[in-house]
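Below: the structure, in structure tokens.
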């Protein structure tokens, strides 16, 4: 069994509160070039970008709501719903595909009974594609929250999922 699968920390996010977001925003500089940093901060704090945050950011940065929404929708890593305790990202880039990530992706979707951008309530896992984890020499790769798993095989994938499931029942 891969012991490391038992050590993946769960996501812990603040519950969304507009008042808290407004308070936290005051710590930032309102220069337009800070928008991405602020979006990453709020996603790190709340786990997602709540739709109520868009007008607040538009006013703060003196941008239109459409401009703020355009930035959020352009970058695939920003989400509009709170993720599960575990966000599993499987690499879909060429190197990982050449080493079997397509097969692993099919196995993952079947094991979790979900597709990309969905959450399994049974396992508390959100499944996301990623298009490079920067670890191509050790393909195929997946990441769970901030923990990287390299040279993943069907067998190790099964062990990883078992480890996450066991962790939730402890």
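Quick notes on this one:
- Between 108, 104, 127, the distinction of being surrounded by 14 or more Cβ atoms within 10 Å (Cβ to Cβ), within 13 Å of the chain's Cα centre (by Cα) and under 30 Å from residue 155 (Cβ atoms) belongs to 127 only.
- One residue stands out among those in segment 152-164 that are touching a strand residue (DSSP E or B) at 6+ places or on another chain (Cβ under 9 Å) and not in a loop (DSSP other than H, G, I, E, B): the one that is modelled with the lowest pLDDT, which is 164.
- Residue 90 buried (at least 18 other Cβ atoms within 10 Å of the Cβ), under 20 Å from residue 41 (Cα atoms) and not assigned by TED's automatic domain parsing to the domain that holds residue 35: no
- Residue match in segment 45-54 (condition: in contact (Cβ under 8 Å) with a residue 40 or more places away in the chain, closer than 14 Å to residue 83 by Cα and either in contact with a helix residue (DSSP H, G or I) (Cβ under 7 Å, 6 or more places away or on another chain) or in the same structural domain as residue 145 (by TED's automatic domain parsing) (or both)): no
- Filtered residues of segment 138-151 (kept if more than 19 Å from the chain's Cα centre (by Cα) and in a loop (DSSP other than H, G, I, E, B)): 139, 151
- Any hit, segment 41-52, residues being over 25 Å from residue 129 (Cβ atoms) and surrounded by fewer than 18 Cβ atoms within 10 Å (Cβ to Cβ): yes
- Selection of first residues in segment 150-162 that are assigned by TED's automatic domain parsing to the domain that holds residue 90 and free of Cβ contacts under 8 Å to residues at least 24 places away in the same chain and of second residues that are surrounded by 13 or more Cβ atoms within 10 Å (Cβ to Cβ) and in a loop (DSSP other than H, G, I, E, B), restricted to Cβ pairs under 7 Å at least 6 apart or on distinct chains, gives the following pairs, ordered by first then second residue: 150/135; 150/141.
The values are calculated or read from the model by the stated rules, or taken from the named source; none is laboratory data. For clarity, every value in this text was computed on a predicted model and none was experimentally measured. As a convention, Cβ positions derive from the backbone with ideal geometry for all residues, glycine included, and neighbour counts pool all protein chains shown.
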